[in-house]
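Below is one structure, written out as structure tokens, with a few remarks after it.
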Amino acid sequence: MSKLNRRTFTGLVGGVAASAMIGRSVGAQDATPAATEDIFAGVSLQPGVVPTLFGDIELPASVERVVTLTDGALDAAIAVGVLPVGLTQSSNFEAVAVYIEDMVTHDPTYVGGWGEMNIEAIVALEPDIILTDRYEEEASYELLSAIAPTIVTGEIEVSGPDALQQWEYEHLVWGYALGKEAEARETILALRTRAAELQPSLGDKLGQSVVVFRPQAEFPVVMSHHWITGVMLSWSGMTGNELTESTPPPHSGNTVSLERFDLLEADWLFAATRNEEMVQALQDYLENPSFQTLDAVKENQVARVSGDLWSGATGVLAGHAMLDDISKILIDGEYEA
């Protein structure tokens, strides 16, 4: 089996100054997301051609056999009604992400996982098209494009939470490549509408701060408020804190030490655990005197959420799963640390 390393995240964030004063909340704002066709105004899709990181790709005459190489591409395909014949394992390194497993109603072939792919398996599937994202390296793109037209989404500039998001752009491009542009637009707008409709139900929690982090034994990984997790919280009417608002997406990397739990100060903490090691790390955090000084901990407002979802997934279906959690935790009060 030929395995090829696929992508690396580089230069995620700069260091966080040790003297930074981190507030509990950056303040509430009008977070109601725009849910009109205006958000697509800057995207130009020409008939029969898909814009990609490596140039325009001409679409095949028929697209039936689809291979997805990222969680986001799988999310997009399923959301517009396409079940790929080949896909990759999620961050759990076992199967698809838990939030989407009930939607994979067929028996697909796994062609790799995070960081690697099985070229022979992809070739054997004889795909009409391959969907992947902007982290695909040129060397692997060359191999993939020799198998089938490969859609490597480019990167857009995101001006704020109300603008078209990177993951929404990817959803739109992948949907277009599958002949499902209308469905892609509709599902994007429906997610934004649902998020805004949660706000009235939040009551006095509206505008409170939420920090999403991945508990690890060595250091917590704090998700950027500009990543999909923060965007869904913003659209629902919640805020981040100074650290999450100033951290570029996707997350803080290894810049937050166990000695700086104060950087996580917020009204609520969402702990995204992927495995038993992270569950244990969270319990160790909860017994740490420094962690116990955080308002969310003192108020018993620490909620454990799926790490597959909250620290790895992107896409419209992931957004809906996050809204499910936001509703369950902040509105229904159903959660545990």
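The values are calculated or read from the model by the stated rules, or taken from the named source; none is laboratory data. Note that the structure is predicted; figures quoted are calculated from it, not measured. Virtual Cβ from ideal backbone geometry, glycine too; neighbours counted across all protein chains shown. Keep in mind that these areas ignore ligands, DNA and RNA; they rest on the heavy atoms of the full protein, side chains included. Shrake-Rupley method; radii C 1.70, N 1.55, O 1.52, S 1.80 Å.
Key figures for this structure:
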| read-out | value |
| --- | --- |
| Exclusive hit being over 21 Å from the mean Cα position of the chain (by Cα), modelled with pLDDT of 95 or more, open to solvent by 10 Å² or more (accessible area, probe 1.4 Å) and under 20 Å from L309 (Cβ atoms), set E259, E277 | E277 |
| Criterion: over 15 Å from the mean Cα position of the chain (by Cα) and open to solvent by less than 50 Å² (accessible area, probe 1.4 Å) - qualifying residue of Y99, Y176 | Y176 |
| Complete set of residues in region 303-318 that are in contact with an Asp or Glu (Cβ under 9 Å, 6 or more places away or on another chain) and not charged (D, E, K, R) | A303, V305, S306, L309, W310, G312, A313, T314, G315, V316, L317, A318 |
| Subset of region 152-187 that is at pLDDT 95 or above and hydroxyl-bearing (S, T, Y) - its residue that is farthest from S246 (Cα to Cα) | Y176 |
| Qualifying positions in region 114-133 - closer than 15 Å to L74 by Cα and either of a type outside the set (A, V, I, L, M, F, W, C) or open to solvent by 70 Å² or more (accessible area, probe 1.4 Å) (or both) | W114, P127, T132, D133 |
| Tally of residues being touching a strand residue (DSSP E or B) at 6+ places or on another chain (Cβ under 8 Å) and either of a type in the set (A, V, I, L, M) or assigned to a strand (DSSP E or B) (or both) across region 125-165 | 13 |
| Given (1) within 27 Å of R65 (Cα to Cα); (2) out of contact with any strand residue (DSSP E or B) (no Cβ under 9 Å at 6 or more places or on another chain); (3) surrounded by fewer than 23 Cβ atoms within 10 Å (Cβ to Cβ); (4) of a type outside the set (V, I, T), number of the condition E168 does not satisfy | (3) |
| Region 29-64, residues that are outside any loop (DSSP other than H, G, I, E, B) and open to solvent by less than 70 Å² (accessible area, probe 1.4 Å) | I39, F40, V49, V50, I57 |
| Matching residues, region 118-145, being of a type in the set (G, A, S) and touching a Leu at 6+ places or on another chain (Cβ under 9 Å) | A139, S140 |
| Hits in region 92-123 (condition: part of a loop (DSSP other than H, G, I, E, B) and of a type in the set (G, A, S)) | A95, A97, G115 |
| Elements of type helices (runs of 4 or more DSSP H) in region 283-337, at least 3 residues being over 14 Å from the mean Cα position of the chain (by Cα) | 295-298, 316-326 |
